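Derivation of every value follows stated rules applied to the coordinates shown; laboratory data play no part. It should be emphasised that the depicted structure is a prediction, and the values quoted were computed from it without experimental measurement. Cβ placement follows ideal geometry from the backbone for every residue including glycine, while neighbour counts extend to all protein chains displayed.
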Amino acid sequence: MNQLPSISAPVVDYLENHEQKGLLRFLTCGSVDDGKSTLIGRLLHDSKRVFEDQLAALRSDSRKHGTQGKAIDFALLVDGLEAEREQGITIDVAYRFFATDHRKFIVADTPGHEQYTRNMATGASTSDLAVILVDARKGILQQTRRHSFIVSLLGIRHVVVAVNKMDLIDFDADRFAEIEAGYRAFAESFGFDTLQVIPISALQGANIVERSPQMPWYAGPTLIGHLNEIDVSSDDAGRPFRMPVQWINRPDLDFRGYCGTIVSGRIRPGDPVAVAASGQHTRIARIVTMDGDVEEAQCGDAVTLTLTDEVDASRGDVICDPKARPEIADRFSAHLIWMGDQKLVPGRTYAVKAGKQSATGVVSRIGHRIDVNSFAQDEVDSLSLNEIGFCDLALSAPIAFDPYEVNREMGSFILIDRMTNQTVAAGVIWRSLRSADNIHRQAVDVDKQSRAIVTGQKPVALWFTGLSGAGKSTIANLVERKLHARGRLTYLLDGDNVRHGLNQDLGFSDEDRVENIRRVGEVAKLFVDAGLISLVSFISPFRSDRQMARTLFEEGEFVEIHVAAPLEVAEARDPKGLYQKAREGKIRNFTGIDSPYEPPQAPELVLDTVALDAEALADQVIRYLGLD
Amino acid sequence: MSNRRSHLQRLEAESIRILREVVAEMKNPVMLYSIGKDSSVMLHLARKAFYPAPPPFPLLHVDTTWKFREMIAFRDRMAAEAGMRLLTHTNAQGVAEGVNPFDHGSSYYTQVMKTDALKQALDRFGFDAAFGGARRDEEKSRSKERVFSFRSAAHGWDPKNQRPELWSIFNTRVKPGESMRVFPLSNWTELDIWQYIRTENIPIVPLYFAKERPVVERNGALVMVDDDRLPLHPGEVSQMRRIRFRTLGCYPLTAAVESDADTLDDIVTEMLIARTSERSGRLIDHDEAASMEKKKREGYF
Ligand SMILES: Nc1nc2c(ncn2[C@@H]2O[C@H](COP(=O)(O)OP(=O)(O)OP(=O)(O)O)[C@@H](O)[C@H]2O)c(=O)[nH]1
Ligand SMILES: [Mg+2]
């Protein structure tokens, strides 16, 4: 298939031809052990991408780890990690490269194992075509459906179903027809642009490069034949211009270049453009490259643009066609593929990365979870590892985007857990939640400032956090008394008391703790708005939740006070006998025992309860407020 | 009008995007410069990415003291041409202990003079991101690695627990002490590299071109006698052969191939009919099965 040039053939011709070949990026996916890696190993081998030293290593590997007795196990060419070879499964994506006379290919071989679905999604996110394998003996399995769903969700429009291991069912045409019919029926709703079903044996190389004499009943193309011919192009360059600003190039005062990759459309010097968020208009002045300015740039090019006017655009801003702009919103609905080991907690703040834009945000509502077997929509209040849900998101700041189905680059985002820095979700935007635009906040005439003038004080929220028994309530109480004595208007929100009233419906699961803090944060915010000094005395063990509360307030209004006591000390005090109960297992999810306490990293104040008594510590707070 | 971009143009654009992303997101990046053909391409791409500014990060060369002399001369010239600061680091303790590839074996030597030295250098300068010129087509554990490859504070790679990497959105977040290894050439093949060098006229170390050079034959491999530190085994004689290198490293650990290829076109022709992979010239990879993955887990590039 891959004709090597004879040495006499002019290498220049070969290279030029090679350079003009198109590229197809595809992935192999499907259920565990269906033969994905074997197929890729086979493709690499048959396209002469395997060198002699690698083949020798493969032979000896096959004897050691192989699943095919003494014969070559082609999967070992691709399963490159030690753990994969030992366990005979694929764990993470392998990116491999090969070429035929017609095309170059980058193939992502992805794992079938459910546990590693996120790695499959990684491979799918950059592919234009999916080869979904099915073991002819087993037919369509749950993973076949899950992967098909993800493939469709991530916008792959071209699918090949390779019905593999035909050698093990005597190349039975009826069985093949049955699987084909079954798959077509179930995939109908995905509306793939092309769907080709091919009977193969990856092990024997049947219908992969060469037509198989054992399956004369099959009239369609071989796998490579199909991959060589299929047209997956889309007219990204013909769509409205978008370039997210990635970096500002400012070598000196006379040059300001906007660097980024054009994600759709094309541009020429003189063309009018707008900055999506601010709506400022300008024109393209130059398209600068090291080899001189160019006359045109298009989708996929990594460019440096200069503009004719000074505009306010920095990393994350989108330079766009002024007549066809992206949407700007801070609330939208999206499909999420959850990838975190910890489950999704609605209301918890995650970092959001959408293109070059960064924000924080919460999942404000889970519309439904998708059952990957029946595609039914389940009502749930959380998503676990590898589950797919349809959710509403609320961000801390608006972003510019297009729906994913219109523009992959402009409609995709990831969520990151701010504590562990793990990527916990992949998101594809469906549409903005316009309804929010219509609920204008009620404008009021008497505002926070005017109330603060009447009360004669700077309203703040004093947020006391610490272990149970650290002394939060005692100190907060004393502080309130001292403030009161100075004629200040105050209100104390205490964890235990609020749990008896406002939050009596909440327990101690992670979700409930988040909601507990969210509500208290909102209440404290109302009090601050009312001009009061509000004191919040809550364990509030999670950093991200306190951070969420902080974002409700204006700069300087939120005073995080760490009431610090080592666990041993707090446990020894045990004023309510709770630690003992937790140790005995009578209370679950008790902070410090079987639920973590995450101390603040940069609190406004730390009160050392071992060194000083409550009186002295309360005075510290008063001093901090400048009221001593 | 629709101008389809060529394969190399697309690879170039993808790499430039990665280079810029690091500069935009990381606090203190560095480019590992190993002087080979891949480094040459990576440096060229960096110059393009940030033009008209020079690349806004330094180059770092981990000098094992056993590099080919021609490589060192070339390195200094290229750094100056790019207008970039060149940092070099050598494991002083390794030198003091006289660690060398002959007496200590290639694997211990590599550990001390390359892996440990690299970790020392990254710690010393506090880099939170380091570009490397590795390609996924080089080796089977590399084919598994992300473009942004997370490293723990101890510089370890955990191949079983890599961050998902979707679209071209990179999760660049690290805590103090942790870092990223970033591979802008992930999707380039050996042929792409040569073809790009050819079209862009990128300078490379002359050792890639065939020439009469002094070598000894050792365990079936041709080892160049680059200086008088190479101890000759009984019966070994240095002889002049017409040789070149497909890959460059420390001279005692890099095997030469006999060749007449003294132009880029010849090199590409030779590559197209080669029956062994370029890494077969790396004498260290054969030490143990899965040796690349193991070294990478310990912090090797
Ligand atoms: N008889 C037969 N066996 C096959 C064929 N294709 C693959 N196998 C065998 O099926 C087993 C699983 O193959 P792999 O290629 O590792 O499967 P996979 O789909 O990559 O598995 P994961 O990546 O772990 O999900 C191995 O023992 C293969 O040798 C085939 O066409 N015929
Ligand atoms: Mg596999």
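A compact table of results
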| quantity | calculated |
| --- | --- |
| Residue-count net charge about residue A:295 - beta-carbon cut-off 13 Å; Lys, Arg +1, Asp, Glu -1 | -2 |
| Dimensions (Å) - region B:99-185, Cα atoms, principal axes, largest first | 47, 31, 22 |
| Efficiency of FRET from Cβ geometry, residue A:598 and residue A:373, R₀ 30 Å, rounded to 0.05 | 0.20 |
| Residue (of A:196, A:264, A:288) at the positive-pole extreme of region A:157-295, dipole from beta-carbon charges | A:288 |
| Nearest-ten-degree value, helix A:142-153 long axis tilted from longest Cα axis of chain A | 80 degrees |
| Estimated inter-spin distance, residue B:242 and residue A:477, nm [label 7 Å along Cα→Cβ] | 9.6 nm |
| Distance in nm between pseudo-label sites at residue B:294 and residue A:500 (7 Å out along the Cβ direction from Cα) | 6.5 nm |
| About the Cα centre, charge dipole magnitude for region B:115-184 (Lys/Arg +1, Asp/Glu -1 at Cβ), debye | 160 debye |
| Charged-residue dipole, Cβ positions (Lys, Arg, Asp, Glu), the protein assembly as shown about Cα centre, Debye nearest 20 | 820 debye |
| Inter-site label distance for residue B:85 and residue A:405 at 7 Å from Cα along Cβ, in nm | 5.2 nm |
| Where a label projected 7 Å from the Cα of residue A:291 along Cα→Cβ would reach, residues of region A:265-281 with amide N under 19 Å | A:267-269 |
| FRET E, pair residue B:95, residue A:52, Förster distance 56 Å, beta-carbon r, rounded to 0.05 | 0.90 |
| Sequence-distant residues sharing a close amide H with residue A:590 (under 5 Å, placed H) | A:595 |
| Coordinate range along principal axes, alpha carbons of chain B, Å, largest first | 59, 52, 37 |
| Rg ratio (alpha-carbon, reference 2.2 N^0.38 Å) - region B:50-106 | 1.44 |
| Under the Karplus curve 6.51 cos²θ - 1.76 cosθ + 1.60, θ = phi - 60°, whole-Hz ³J(HN,Hα) for region B:91-101, x wherever Gly or Pro sits | 6, 4, 5, x, 5, 4, 7, x, 5, 9, x |
| Fraction of the pair-distance distribution of region A:28-184 above 26 Å, Cα-Cα pairs, percent | 26 percent |
| Equivalent ellipsoid semi-axes - Cα gyration tensor, region A:326-478, angstrom | 35, 23, 15 |
| Averaged over A:240-250, number of beta-carbon atoms from partner chains that fall within 10 Å | 3 |
| Degrees between helix A:614-624 axis and first principal axis of chain A (Cα, 0 to 90, nearest 10) | 80 degrees |
| ³J(HN,Hα), Karplus 6.51/-1.76/1.60, whole Hz, each residue of region B:203-220, x for Gly, Pro | x, 9, 4, x, 4, 6, 9, 5, 6, 5, 9, x, 9, 10, 9, 9, 6, x |
| Computed FRET value (nearest 0.05) for residue B:217 with residue A:68, which takes r as the C-beta separation and R₀ as 60 Å | 0.95 |
| Alpha-carbon Rg/Rh ratio, for region B:1-112, with Rh computed the Kirkwood way | 1.08 |
| Tilt relative to chain A, helix A:472-485 - C-alpha long axis, 0 to 90 degrees, to 10 | 50 degrees |
| A:200, A:230, B:72, A:284 arranged by Cβ crowding within 10 Å, fewest neighbours leading | B:72, A:230, A:284, A:200 |
| Cα Rg, Dmax (largest Cα-Cα span) when computed across region A:378-430, Å | 12.3, 33 |
| Estimated translational D of region B:189-260 in µm²/s (Stokes, Kirkwood radius over Cα pairs; 25 °C; 0.890 mPa s) | 184 µm²/s |
| Expected-Rg normalisation [2.2 N^0.38 Å, Cα atoms] applied to region A:518-628 | 1.18 |
| Shielding of A:92-100 by partner chains, average beta-carbon count, 10 Å | 6 |
| Residue-span extension gain [residue B:153 to residue B:229] - 0.36 nm each, minus C-alpha spacing | 23.7 nm |
| Antiparallel bridge percentage (DSSP; both residues within the protein assembly as shown; nearest 5) | 60 percent |
| Rg in Å to one decimal, and Dmax rounded to a whole Å, for the protein assembly as shown via C-alpha atoms | 31.0, 100 |
